[in-house]
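So the structure is just underneath, and the comments pick up after that.
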2 protein chains.
Amino acid sequence: MKQCISVIVGASLLLGASGAFAQQAPKPEQLIKWRQSVYQVLAWNSGRIKANVDGQFNKDEVIRAANAIAGLANSGIGGLFAAGSETGKGWKETATKPDFFKNPQRVAELAGNFNREANELAKVAGSGDVAAIKAQFGKYSQTCKACHDDFKSKD
Amino acid sequence: MKQCISVIVGASLLLGASGAFAQQAPKPEQLIKWRQSVYQVLAWNSGRIKANVDGQFNKDEVIRAANAIAGLANSGIGGLFAAGSETGKGWKETATKPDFFKNPQRVAELAGNFNREANELAKVAGSGDVAAIKAQFGKYSQTCKACHDDFKSKD
């Protein structure tokens, strides 16, 4: 899962009222805002799955949420942690610890675990087997926690 | 695409340092923060596709970005516009115009167009045909613009 820590030579965009997409080199603050947004979207969808496996189960909603998670897990989130984005403010100051940028091997390992379990979650979601989904959601959640434990500052 | 304007009876989550997912009813401010995050993530991935079709083309990156967009388009974004979230501050004050909440039929139409073109973009991305991807990206972008024109306040 080297893509997870690769630096994507992408382009940011200005999505104004006109809807036009304009390109420019992404600034660190933009990268930080995007990655903070990615984690919010993951949290939204993770919460929906948890609510479903703990409460009233809606198979379609779980599939939609799991597919959104997998789509993001496979999107190349690592590019949002490009050199230069170690510090700075996106929506808020980055919560990524400095150690994150000094341990690419450990980050790659954690990112690989996250991707694997997220993709497995999307696969299991399609089965509609609540117990299996709940178990897989637990494995997936552990990969979130593992990275937070090592590399996320407390809010 | 009724799912786009349906109210999801979901649950928010607190993703703390422990990585635990705790449930509670999502507050309007949380819904607004999530939807603002979703649009940032869409912007990130849309910008990557534009950069690729206008510049150096990387098929894998385009596929990853297009799949992330489709995963979000299919996730049920409409649930983030639940009743009660007409006004309020997520990351910032909502940019959704009041008219959005008064025109469910038009919103459903725009959301349906967005979903259709986003899914088509993901399909075309797999072909690696740059001209076709560029054309489909244009159609997709128009659906973003159409909704912004009607329902997004200028920043």
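A few notes on this one:
- Looking only at the stretch A:31-75, and only at residues there that are surrounded by fewer than 22 Cβ atoms within 10 Å (Cβ to Cβ) and assigned to a loop (DSSP other than H, G, I, E, B), the one that is nearest to the other protein chains (Cβ to nearest Cβ): A:ASN74
- For the stretch A:93-102, the set of residues classified as more than 21 Å from B:SER37 (Cβ to Cβ), surrounded by 12 or more Cβ atoms within 10 Å (Cβ to Cβ) and touching a residue at least 24 places away in the same chain (Cβ under 8 Å) consists of A:LYS97 only.
Yes or no, residue by residue, for (1) in contact with a Cys (Cβ under 6 Å, 6 or more places away or on another chain); (2) modelled with pLDDT of 95 or more; (3) at negative phi; (4) not in a helix (DSSP H, G or I):
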{"residue": "A:TRP91", "(1), (2), (3), (4)": "no, yes, yes, yes"}
{"residue": "A:ASN115", "(1), (2), (3), (4)": "no, yes, yes, no"}
{"residue": "A:ALA118", "(1), (2), (3), (4)": "no, yes, yes, no"}
{"residue": "A:GLY128", "(1), (2), (3), (4)": "no, no, no, yes"}
{"residue": "A:ALA135", "(1), (2), (3), (4)": "no, yes, yes, no"}
{"residue": "A:CYS144", "(1), (2), (3), (4)": "no, yes, yes, no"}
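- Here B:GLY79, B:GLY90, B:GLY112 are screened, and the one residue that is surrounded by fewer than 20 Cβ atoms within 10 Å (Cβ to Cβ) and not β-branched (Val, Ile, Thr) is B:GLY112.
- Residue-level analysis places B:GLY78 outside the set of residues that are away from chain A (no Cβ under 12 Å), in contact with a helix residue (DSSP H, G or I) (Cβ under 7 Å, 6 or more places away or on another chain) and of a type outside the set (Ser, Thr, Tyr).
The values are calculated or read from the model by the stated rules, or taken from the named source; none is laboratory data. Note that the structure is predicted; figures quoted are calculated from it, not measured. Don't worry about glycine lacking a Cβ; one is built from the backbone with ideal geometry, like all the others, and counts go over all protein chains shown.
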